[in-house]
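The values are calculated or read from the model by the stated rules, or taken from the named source; none is laboratory data. Treat the numbers as computed from the prediction; the structure is a model and nothing was measured. Quick reminder, even Gly has a Cβ in these numbers, built from the backbone with ideal geometry, and neighbours come from all protein chains shown. The area values use the complete protein model at the heavy-atom level, side chains included, leaving out ligands, DNA and RNA. Shrake-Rupley method; radii C 1.70, N 1.55, O 1.52, S 1.80 Å.
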Amino acid sequence: MSENLFSLEGKVAWVTGAAYGIGYAIAKAYIEAGAKVVFNSSRQETVDRGLKSYEADGLLDKVKGYVCDVTDEEAVLKLYETIRKEVGEVDILVNNAGMIRRIPMTEMEASEFRRVVDVDLIGPYIVSKAVIPSMIERGGGKIINVCSMMSELGRETVSAYAAAKGGLKMLTKNIASEYGKYNIQCNGIGPGYIATEQTAPLRERQADGSRHPFDSFIIAKTPAERWGESDDLKGPAVFLASKASDFVNGHILYVDGGILAYIGKQP
Ligand code: NAP
Ligand code: GCO
């Protein structure tokens, strides 16, 4: 029987920030493909919320949740050792944990700018640095960084986020370049505009019940004429974590309904 190139049977995947949203969908897809999953959030209440969701989906026996801020290198290293002891060696890392602050750049405190870059760029560096040595020892691994439209495009009020996600695109390419010889594939997944808590403010109905202007804007900019759902990321994420992508490296796979290809609907 031919090998299932998309199977994750027997693999351990660490998906950061996977209590809900995009990370949760990716983690669920990995479990459905045969993997065991560990996830972390910076707050206990978020971990608890995530575990309740996994339980409701009948997945609790395949997942473990931990409190850990991805920007805290000591905590990340400690968690990594705990994962190795309690679950097993990490075969797949998804750097999904992220945040955004929508503030005009000239009004943004440097500390706010730094925090966004810390979580969205330094965090993926810290966690990748923790797992790569053992991936090398074991003959390879998969790292997937959750990038963004803002890895390619700018817009008002998201300067810190765009700088971080642009940097994350280049960190992805650099990890691919530096560690590809150890059979480590590092790729990015670039969601378009996805209906999650992070984008909820951009989709809020107006007082008169009409669509948020940004909501209408995204619909006009997307050939698919809809916002993405977290589940739209499942297939691409399984592909990038599986044997099927063993010769794909340093690539950012955009899952955006065609936004990056399209000039936008004439008003
Ligand atoms: P979300 O709903 O805001 O969830 C983010 C998750 O990350 C939360 O569970 C959060 O839990 C966790 N997190 C935040 N800071 C953390 C930290 N320092 N350490 C550990 N965990 C942390 O986000 P989402 O919409 O699902 O997005 C997930 C990823 O996709 C992010 O990297 C985001 O930038 C990216 N993305 C989103 C979209 C979109 O349209 N939604 C599009 C492109 C890319 P705690 O706050 O409790 O830690
Ligand atoms: C924003 C949105 C976007 C999405 C995503 C797009 O304010 O523009 O939050 O940045 O989160 O990153 O790919």
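Observations, loosely collected:
- Accessible area of region 70-133 belonging to carbon and sulfur atoms, whole % at 1.4 Å probe: 53 percent
- Charge sum, other residues only, whose C-beta stays under 15 Å from ALA220's C-beta, Lys/Arg counted +1 and Asp/Glu -1: +3
- Accessible surface of region 171-267 [probe 1.4 Å, protein heavy atoms]: carbon and sulfur percent: 54 percent
- Spatial offset of region 74-115 relative to region 154-190 amounts to 14 Å, using the alpha carbon center of each.
- Value of relative contact order over region 121-257, rounded to a whole percent, pairs C-alpha under 8 Å and six or more apart: 30 percent
- Projecting the Cα atoms of GLY167, THR199, THR157 onto the charge dipole of the chain (Cβ charges, centred on the Cα centre) puts GLY167 farthest toward the positive pole.
- Taking all protein chains as they are arranged and a probe of 1.4 Å, the heavy atoms of ILE103 leave approximately 30 Å² accessible to solvent.
- Over region 216-267, relative contact order from alpha-carbon pairs under 8 Å, at least 6 apart, %: 55 percent
- Counting only DSSP H runs of at least 4 residues, each contributing -39500 (n - 2.57), and dividing by the residue count of the chain, the helix-based mean residue ellipticity at 222 nm comes to -12000 deg cm²/dmol.
- Under the criterion of Cα pairs below 8 Å and six or more residues apart, the relative contact order for the chain equals 19 percent.
- Where chymotrypsin sites (Phe, Trp or Tyr not before Pro) fall in DSSP loop in region 142-187, at most 12 other Cβ within 10 Å: none
- Residues of type aspartates and glutamates that LYS64 reaches as a straight line, Cα spacing below 19 Å, ignoring anything fewer than 8 places off in the same chain: GLU9, GLU32, GLU45, ASP48, GLU55, GLU81, GLU86, GLU89, ASP91
- With the whole protein complex present, ILE126 retains an accessible surface near 10 Å², based on a 1.4 Å probe.
- Taken per residue, the accessible surface of the chain reaches 48 Å², heavy atoms only and a 1.4 Å probe.
- Most mobile of ILE184, ILE136, ILE31 in a GNM of the chain (Cα contacts under 10 Å): ILE136
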